[in-house]
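Notes follow the structure.
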Amino acid sequence: MPRGLILKGVGGFYTVECGSGTYECRTRGVFRKKGITPLPGDFVNFSITDESAREGWIEEIEPRQNFFIRPPVANVNQIAVVLAKTSPEPDFLLVDKLLVTAEKNGITPLIVINKIDLIDDKELSEVKDIYKSTGYQVVAISKVGKQGYDELHEKLKGYRTVFAGQSGVGKSTILNNIMDSWVMETGDMSRIQRGRHTTRHVQLLSLDNDGYVVDTPGFSSMSLEGIEYSELSSMYPEFNRAEGRCKFNSCSHIKEPGCAIKDSVHAGGISRIRYECYQRLYEELKLQYENRYR
Ligand SMILES: Nc1nc2c(ncn2[C@@H]2O[C@H](COP(=O)(O)OP(=O)(O)OP(=O)(O)O)[C@@H](O)[C@H]2O)c(=O)[nH]1
Ligand SMILES: [Mg+2]
Ligand SMILES: [Zn+2]
């Protein structure tokens, strides 16, 4: 039975990509009975019912490495967190929520600084410095002259990447530019809609370098799910390196004396913005925990 990857699902039909192109597949009632809905990003085994019409049935869904509810997509292994230094003003807390979610799910984060045509080198360095000690990959890009896009294309190679971030940072613009240059011809390729309040189907776009990309609509807020406040610091990679040197073993890096994290913030090793987001998320998660039985 051929194995393929679901690119999208619309009205009970799933576009399944395999080595020889795409097939439009329906699903067996048995999935519905089990309460399983196939998602874009699912790897499936399918049977071909009509080769010339390229139609088939999805027979099996492979176990998922992970899945998101919003956007509904499975098996993502990279999150491109898009931000801009200006227009809109960056929401660093949202950026950290996305980065922490990536860490929690074992997904590689990629930081994409967009709209660099609107800022100078000094401002760009300021943003880069925030994430320097995280060790995360950073690319700086602009739609003007497609600056940095080749480097971005390179970073997408071999990954299934979901683009996420605040509304207006330019995710759809980036996806459209990527589509113009690097998307494989698979069926209908309607352009990604811009602006707010546009409903559309989540779709994996197949790149020419074994990469896949998914756009998401922006959001103004997001809550962290399934993370304990006590494990938050382990999701800040730059904290992990300094952690052993805190005076108290159980240091939460909030109020304790002799905290190596706070020392590092003062010395400029760890970014103050990252630390302040940590503090806010810690308090938020602690409150969630304390109210868990209410
Ligand atoms: N100056 C400049 N403007 C950009 C750049 N990229 C995107 N924009 C503009 O930013 C605005 C928002 O872009 P979108 O691509 O719709 O942003 P989005 O992140 O998809 O927004 P949502 O779908 O609401 O989440 C548009 O007017 C774009 O033209 C860039 O590199 N430079
Ligand atoms: Mg958009
Ligand atoms: Zn500490």
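Read-outs throughout are calculated quantities, based only on the coordinates presented, and are distinct from any laboratory measurement. Just so it is clear, the model here is predicted, and its values are computed rather than measured. So basically every Cβ, Gly included, is an ideal-geometry build from the backbone, and we count neighbours across all protein chains shown.
Some values worked out for this structure:
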item	result
Average silhouette area of region 1-112, convex hull of alpha-carbon atoms, in square nanometres	8.9
Residue order, fewest to most surrounding Cβ atoms within 10 angstrom, among Ser20, Ser167	Ser20, Ser167
Cα-only radius of gyration and Dmax that characterise region 71-114, units Å	11.1, 32
If the convex hull is drawn through the Cα atoms of region 239-289, its volume per residue in Å³	74
Cα-based equivalent ellipsoid of region 197-287: semi-axis lengths in Å, sorted from largest, via gyration tensor	35, 17, 12
Volume per residue of the C-alpha convex hull in region 3-62, rounded to whole Å³	71
Separation between Cα centres of region 1-67 and region 135-158, rounded to whole Å	31
Column: log10 I(q)/I(0), Debye, Cα scatterers of region 68-214, q = 0.09 Å⁻¹	-0.26
Compactness relative to 2.2 N^0.38 Å, alpha carbon Rg of the chain	1.11
Stokes-Einstein D for region 50-97, Kirkwood Rh over Cα pairs, 25 °C, 0.890 mPa s (µm²/s)	166
Eligible lysines near Lys247 by straight Cα distance, threshold 17 Å, same-chain separation 8 or greater	Lys255, Lys262
Amide H contacts under 5 Å for Cys246, placed H, 5+ residues apart	Ala260
Structure-based [θ]222 nm, the chain - -39500 (n - 2.57) summed over DSSP H runs of at least 4, per residue, nearest 500	-8500 deg cm²/dmol
Candidate lysines - alpha carbon under 17 Å from Lys122, same-chain residues fewer than 8 apart omitted	Lys85, Lys132
